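The structure under discussion appears below in the form of structure tokens.
The values are calculated or read from the model by the stated rules, or taken from the named source; none is laboratory data. Everything quoted here is computed from the prediction, not taken from an experiment. Cβ coordinates were reconstructed from backbone atoms using ideal geometry, including for glycine residues, and neighbour counts include every protein chain displayed. Remember, those area values only see protein heavy atoms, side chains included, never the ligands or the DNA or RNA. Shrake-Rupley method; radii C 1.70, N 1.55, O 1.52, S 1.80 Å.
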Amino acid sequence: MKSLILGSVLVVSLVALLVILFKKRIGLAWFTSFGIHLVLAAVGIYIVNYSGWITGVYIPLNPATIGTVSILGLPGVGLLLGLKISLFG
């Protein structure tokens, strides 16, 4: 019963979000731009992890790190590297 309620809330909120997006003419261009930013963020973290630029530092690919890099861009990668080095040695 609980999963049915949660599923219906999810469906209703998704429909409401789509109505708002298309009513305000934001449409698919926003989704395309957001998708491109997510892919570029993942590629940036992947390059730092496997290029050997800084040895011994690994930034995990999770929603928090990808979100940080997609919002901040290249300085976000520097921020994550600085946090990783200063907090975890």
Net lengthening on full extension, LEU18/MET1 (0.36 nm per residue, minus Cα-Cα): 3.5 nm
Whole-Hz ³J(HN,Hα) from phi, Karplus 6.51 cos²θ - 1.76 cosθ + 1.60, for the range 31-38, glycine and proline x: 5, 5, 4, 4, x, 5, 5, 5
DSSP-assigned coil residues among trypsin sites (Lys or Arg not before Pro) in the range 1-78, each with at most 11 further Cβ atoms within 10 Å: LYS24, ARG25
Accessible surface of SER51 - all protein chains present, 1.4 Å probe, nearest 10 Å²: 70 Å²
Spin-label pair LEU79/PHE34, simplified geometry with 7 Å Cα→Cβ offset, distance in nm: 1.9 nm
More than 12 angstrom apart: percent of Cα pairs within the range 41-89: 57 percent
Accessible surface, the chain, averaged per residue in Å² (probe 1.4 Å): 76 Å²
Degrees between helix 74-88 axis and first principal axis of the chain (Cα, 0 to 90, nearest 10): 60 degrees
Cα-derived Rg to Rh of the chain, Kirkwood definition: 1.16
The chain: angle of helix 63-72 to the longest principal axis, Cα-based, in degrees nearest 10: 80 degrees
Angle between the chain longest axis and helix 2-23 axis [Cα atoms, degrees, rounded to 10]: 90 degrees
